[in-house]
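Engineer: Have a look at this one before I ask anything.
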Amino acid sequence: MFVKRLILIALKKVRSNSVRILPKFFPYVLGYLLFSGNIYADSWSWNGAYLIQPETLEYSGPFQIQVKDGLVEKISSSPASKEPLFILPGFCDSHVTLGANSLGGWKERSELESDLKQFLLHGFTHIQSIADPPWASELSEIRKKNSQYPKISVLPPVLLAESKEISDSKVSGYKILKSPEEAMSSLSGKKGKIHLFLRHNEGETFEVDGKLLYRMRSEAEKNGLELSVSTFGEEFANWEALSSETKVLYHPIPETSSIRPVAHNLVKQIWAPLFGIYFTRKGIGTSSFAEEWEKWTQWSPTFKERALSKEVLSTMPGLSESEREEAEKEYESYLAFLRARKNLTLRILLGSGAGHQLQFPGISGWKELRILSELLGPKEALRAATETTCQYLGAAHEGKIRVGKPAHLLIFREDPLQNWDKLKTLRTVVTERVKTEISSPEKKKTERRRR
C-alpha cells in the first residue's frame, strides 16, 4: 500500500491541470537563467583553508587554494587562520524530476528558476533528471552551451508497462510498453542511458517480469546502452532487478529472507536508495513530522525562505494508522538492509528524489546525505554525494578537488563532517568561472537594517 501510493503520486504529477506554458516559451526564457549573487572573474584565492582530499576524504591544510580560468591552479601551504574555511567538492544528485514541483503539479517558469537556484545554493552542481517532459532535454542543452550550473543530465522517456492505472492518461515523460516486443524494441538504436519503472499490478495483461528484464538488460548492454531501474521498494521488483544484475537501481531494498540470496549481486551494481522519499511520506500528517520540518527550516536558511508553513502541512492527508504502521516497518527494513551491508559503500549513489511529494530541491539532498551518514558514517556519505555520484554523472570535477582540474568548490565556515547541521554555514559555491556568494542570515539582517 505504501509504495503504491508513491507511484500514484508520481503519475498525478504528470496528469496535473496546472498551467503548462513552459514548453511554448522554453527557448526564450531558459537560456539566461542567472542567480543573484553570482560573480564572474578570471581568478580567486582563499587562505587558511582545509581541503577534503580525494579518495581518503580526510582534511589537510591549512592551504591557500587558487582558481584561475575555471581550474584549480594551485594548492600551497598557508598560515592558519582565526576563521578557517572548510572546502568540499561540489555535490551531485542522481535522481530528481525537474518537471514536478514537489506539490503534485507541473512547474511554471518562476518555479523552475527557483528550483535550479535551490540546488545550487545547497551545493549541488550536477543533477540527473528523470521522467520529465521533452523540454528537459532542451534545457540541458541550453545550459550546457551557456556553461550554466547546476549542470543537468536528462534521461529519455521512462519505460513503463501499460496498466489500468494509466490507461486513460497521456503521460508525458514516459514511454508506455504494451508487449515484450515493444519492450525489446525500445532499446534499439539508442546510446547512453535509459530508465525503467518496474512495478507489479495484479490482473494486468502485460508486465515486465524477471525473464524479460534479463533480456532487456542483455540487449541494452549489447547496444552500449545502460539500463537503470526504479523498484519503488517492492520486494518482488527488487528481487528481479537484483537477479538480472541490472547495473543501476533506484529506491530502497527491504531486508527479507527472499532478497538475501540475491543481495550479493549489489557488489556488481550501483544503487541510490532514495530513503528521504519514504521518510517523508510515512510522516506526513503527524506532529513529529511537523517538528522535523521545522528542524529543516532551521537547518537551511535558504530553504526556510520557501518552505511550507506548519498550517499548510497540517492540511495534507497522511496515511491511516494501519498504513503508517506498515510504512514504519517497511522503512526500518530498508535501513536494516544497508546497515547490514556496509561493504556496499563504494556502490552507493546519492539521489534525493526532489520532485516527489515534499521532496524539495537542495534540502532533500541534504536530508538524504544525513540518512546515509547515520548508516555508513559521514565520510562514506560524503563519498556518495561527491566521488561516486559525480563520476557516475560524468561531472568534470569527478567529485574531487585537484590541481589542474575544473573548480567545483563548496566553501564552508564550519566543518560539516563534524555535524551535518554545519551545512548551513555554506557561504560560497564555485562552479569553474562563476562564484556564487550565499548571504548568511546575519548578513541579511544587517542589509535590512541599512535599508
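Engineer: Inspect region 16-26 for any residue being exposed (fewer than 15 other Cβ atoms within 10 Å of the Cβ) and at pLDDT 95 or above and give the result as yes or no.
Structural biologist: No: zero hits.
Engineer: Condition test on GLY365, is it among the small types (Gly, Ala, Ser), in contact with a Phe, Trp or Tyr (Cβ under 7 Å, 6 or more places away or on another chain) and not in a loop (DSSP other than H, G, I, E, B)?
Structural biologist: On the way: among the small types (Gly, Ala, Ser): yes; in contact with a Phe, Trp or Tyr (Cβ under 7 Å, 6 or more places away or on another chain): yes; not in a loop (DSSP other than H, G, I, E, B): yes.
Considered against the rule, which asks whether it is among the small types (Gly, Ala, Ser), in contact with a Phe, Trp or Tyr (Cβ under 7 Å, 6 or more places away or on another chain) and not in a loop (DSSP other than H, G, I, E, B), GLY365 comes out as yes.
Engineer: If you check GLU374 against the conditions, is it open to solvent by 20 Å² or more (accessible area, probe 1.4 Å), within 26 Å of THR97 (Cα to Cα), in a helix (DSSP H, G or I) and not hydrophobic (A, V, I, L, M, F, W, C)? Quick ask: steps written out before the conclusion?
Structural biologist: Numbers: open to solvent by 20 Å² or more (accessible area, probe 1.4 Å): yes; within 26 Å of THR97 (Cα to Cα): yes; in a helix (DSSP H, G or I): yes; not hydrophobic (A, V, I, L, M, F, W, C): yes.
Yes.
Engineer: Tell me, which residue of region 271-296 that is farther than 30 Å from LYS247 by Cα and of a type in the set (Val, Ile, Thr) is least open to solvent (accessible area, probe 1.4 Å)? I'd like the intermediate steps shown before the answer.
Structural biologist: Step one: of region 271-296, the residues farther than 30 Å from LYS247 by Cα are 283-296.
The next check asks that each one be of a type in the set (Val, Ile, Thr); those that pass are 284, 286.
Numbers: ILE284: 2, THR286: 32 Å².
Selected residue: ILE284.
Engineer: For region 236-287, give me the residue count where each residue is within 18 Å of the chain's Cα centre (by Cα) and hydroxyl-bearing (Ser, Thr, Tyr).
Structural biologist: 3
Engineer: For region 243-258: of the residues being in contact (Cβ under 8 Å) with a residue 24 or more places away in the chain and over 29 Å from TRP366 (Cβ atoms), which is surrounded by the most Cβ atoms within 10 Å (Cβ to Cβ)?
Structural biologist: Looking at the filtered set, the residue picked out is SER244.
Engineer: Would you call THR302 among the hydroxyl-bearing types (Ser, Thr, Tyr) and farther than 19 Å from PRO416 by Cβ?
Structural biologist: Working: among the hydroxyl-bearing types (Ser, Thr, Tyr): yes; farther than 19 Å from PRO416 by Cβ: no.
Taking the combined requirement at face value, the residue does not satisfy it.
Engineer: Can you say whether LEU409 is open to solvent by less than 10 Å² (accessible area, probe 1.4 Å), closer than 24 Å to SER43 by Cα and modelled with pLDDT of 95 or more, as far as the supplied structure shows?
Structural biologist: On the way: open to solvent by less than 10 Å² (accessible area, probe 1.4 Å): yes; closer than 24 Å to SER43 by Cα: yes; modelled with pLDDT of 95 or more: yes.
Yes; evaluated as a whole, the condition is true for this residue.
Engineer: Out of everything in region 407-424 that is part of a loop (DSSP other than H, G, I, E, B) and of a type outside the set (Asp, Glu), what residue ends up being farthest from the chain's Cα centre (by Cα)? Write out each step before concluding.
Structural biologist: Residues of region 407-424 part of a loop (DSSP other than H, G, I, E, B): 407, 413-419.
Remaining after also requiring of a type outside the set (Asp, Glu): 407, 413, 416-419.
Numbers: ALA407: 21, ARG413: 24, PRO416: 19, LEU417: 20, GLN418: 23, ASN419: 21 Å.
Once the filter is applied, the top-ranked residue is ARG413.
Engineer: Let me ask something additional. Would you mind listing the strands (runs of 3 or more DSSP E) fully within region 42-118 where at least 3 residues are open to solvent by 60 Å² or more (accessible area, probe 1.4 Å) and modelled with pLDDT of 95 or more?
Structural biologist: Values: elements: 43-52, 59-68, 71-77, 85-89, 91-96.
It comes to 43-52, 71-77.
Engineer: At least 1 residues that are in contact (Cβ under 8 Å) with a residue 60 or more places away in the chain and open to solvent by 30 Å² or more (accessible area, probe 1.4 Å) in each: list the helices (runs of 4 or more DSSP H) lying fully within region 297-345 that qualify. Give the steps one after another, and end with the answer.
Structural biologist: Working: elements: 301-304, 310-314, 321-339.
Those helices (runs of 4 or more DSSP H) span 301-304, 321-339.
Engineer: Let me ask something else about it. Kindly evaluate LEU426 against the criterion of being closer than 25 Å to ALA381 by Cα, modelled with pLDDT of 95 or more and touching a Phe, Trp or Tyr at 6+ places or on another chain (Cβ under 8 Å). Spell out the reasoning first.
Structural biologist: Values: closer than 25 Å to ALA381 by Cα: yes; modelled with pLDDT of 95 or more: yes; touching a Phe, Trp or Tyr at 6+ places or on another chain (Cβ under 8 Å): yes.
So LEU426 fits the description; yes.
Engineer: Say whether the condition of being within 14 Å of the chain's Cα centre (by Cα) and closer than 29 Å to TRP293 by Cβ is met by at least one residue in region 332-349.
Structural biologist: Step one: list which residues in region 332-349 are within 14 Å of the chain's Cα centre (by Cα), which gives 348-349.
Narrowing the set further to residues that are closer than 29 Å to TRP293 by Cβ leaves 348-349.
Yes, that holds for at least one residue.
Engineer: (1) in a loop (DSSP other than H, G, I, E, B); (2) under 26 Å from LEU358 (Cα atoms); (3) free of Cβ contacts under 8 Å to residues at least 24 places away in the same chain: which one isn't true of ASN238, the others all being true?
Structural biologist: Evaluating ASN238 over (1) in a loop (DSSP other than H, G, I, E, B); (2) under 26 Å from LEU358 (Cα atoms); (3) free of Cβ contacts under 8 Å to residues at least 24 places away in the same chain leaves (1) as the failure.
The values are calculated or read from the model by the stated rules, or taken from the named source; none is laboratory data. Remember, predicted model here, so these are calculated numbers, not experimental data. Cβ coordinates were reconstructed from backbone atoms using ideal geometry, including for glycine residues, and neighbour counts include every protein chain displayed. Note: accessible area is taken over every heavy atom of the protein model, side chains too, but ligands, DNA and RNA are not part of it. Shrake-Rupley method; radii C 1.70, N 1.55, O 1.52, S 1.80 Å.
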